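Heads up, the thing below is written out as structure tokens.
Just so it is clear, none of the values below were taken in a lab; they were calculated from the coordinates. Values in this document were obtained by computation on a predicted structure and should not be read as measured data. Please note: Cβ atoms are built from the backbone with ideal geometry, for glycine as well, and neighbour counts cover all protein chains shown.
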Amino acid sequence: MDAPGPIDGVQFRLLGFDEIACWQDDDHLAAFQAFLPGARRLLDQPYKARASAINIKNLNSCAQDALGIATIDETTARAFFERRFQPFEICPNEFADQSYPGFVTGYFEPEVMASQEQSDEFPIPLLKRPPDLIDINDGNRPANMDASFRYGQISSGIISEYSDRSAIMTGVLDDQNLELVWLKNKVDAFFIHVQGSAKLRFENGAVMRVTYAAKTGHPYTSLAKLLCKRLEIEPANMTADRLASWMHSNPDKLDELLARNRSYIFFKEQTGLNPQDGPVGAAKIPLIAGRSLAVDRTIHTFGIPIWVSTKSPLPGDASTFNRLMMAHDTGSAIIGPARGDIYVGSGDEAGIKAGKIRHSVQMVMLVPK
């Protein structure tokens, strides 16, 4: 039997599918359809195995099996997952006595107006990846550079940290013609940076999808957490709409707050997507609302199914969230084996819903046989 791990501070408890609360109530056909895009990607270019030690050959075998099924319905979809996977509950040691030891938030694809020309109405740019930004890995990372840095710059053969957000905000890249598009305000830009993608609408009716291209490499700092401390607000009460309202109401304080997050995101145009597709996640496939999960990329292998079970409904839902999701994405703030981010869709309504998701969860990883 292939078991996950080991990972320091985490236990993986083998379950039977009949021990997973509400397993039988999920839409397994929808889960199967969400598994297929990752399966196709796996067979074309396998994902890298991460710390949870998923057997990639077994995962590829599951992918081949799924793609070979000619006729699929709810019954056969459920049978596929029960036949080809073993469920292991993810139990961080510090929460071993809790029924819901994990934590999920929500994210979305913003939809905002944009322009391809700078103007008084559209003064804020999204920037393309600078040509002098280089990838950092274990082979070229200097001994004095933190292991978390994946990007940097090289000058005279010496690799160093790249300029951070504060330096970029004050013009260090202004002469490089990196502007991809222009936005109306810094708040729109902030949420696009946090979400990592956007659907941009132009006044002539055209639509552009943009997605993450790279970042400066500096650690991500949550501005919501900083503002909670500053305003003495409980984190559970700092929703995305409340954060946006503060930003719009305090333009004189916004730059100072933004600069506290040294991480800065660069973007590129995403082509080849159908209008109904979600943005492309880190697993290199379009995200599926309610089925795609962002995970800690250092722990979880992209493409694996993860059962997410909450004790309360998501905003706007009548019943609790109990669903098989797929590891399709990652994020700077998604750290830990039982930490996830639920992709909920595009637009303002999805943004309001995503901003209110702060749920404790049980997470069960389905390990391929």
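Take every DSSP beta bridge whose two residues both sit in the chain; close to 80 percent of them are antiparallel. Taking amide H atoms as placed 1.01 Å from N in the peptide plane, the amide H of ARG297 lies under 5 Å from those of GLY331, each 5 or more residues away in sequence or on another chain. As a calculated quantity, the FRET efficiency between GLN45 and THR75 at R0 = 22 Å, using C-beta atoms, amounts to about 0.10. Taken over the stretch 247-369, the alpha-carbon convex hull comes to 156 cubic angstrom per residue. A quarter of the convex hull surface defined by the alpha-carbon atoms of the stretch 139-297 gives 12.5 nm² as the mean projection.
In the stretch 16-157, the ratio of gyration radius to Kirkwood radius, Rg to Rh, stands at 1.09 when only Cα atoms are counted.
Residues within the reach of a label modelled at MET145 (point 7 angstrom out along Cα to beta-carbon, backbone nitrogen below 15 Å), restricted to the stretch 156-172, are 156-164. Treating r as the C-beta distance of ASN250 and ASN204 and R0 as 35 Å, the FRET efficiency rounds to 0.55.
Across the cross-link table entries LYS229/LYS356; LYS184/LYS253; LYS57/LYS128, which are compared at the Cα atoms, the separations over 26 Å belong to LYS57/LYS128. Looking only at the stretch 26-48, which residues have a backbone nitrogen under 13 Å from a spot 7 Å from the Cα of ASN137 in the C-beta direction? Hits in the stretch 26-48 for ASN137 at 13 Å: 48. In the chain, one over the average inverse separation of all distinct C-alpha pairs is 21.8 Å, which is the Kirkwood hydrodynamic radius. Length available on full extension from ALA3 to GLN118: 0.36 nm per residue minus the Cα-Cα distance, which gives 36.0 nm.
Counting only DSSP beta bridges whose two residues both lie in the stretch 216-331, roughly 70 percent are antiparallel.
Projected label points at LEU273 and ASP174, each 7 Å from Cα along the beta carbon direction, are separated by 3.1 nanometres. Approximating the spin labels as points 7 Å out from Cα along Cα→Cβ, the LEU67-to-THR320 distance works out to 3.7 nm.
Helix 74-84 axis versus longest C-alpha principal axis of the chain: approximately 90°, rounded to the nearest ten.
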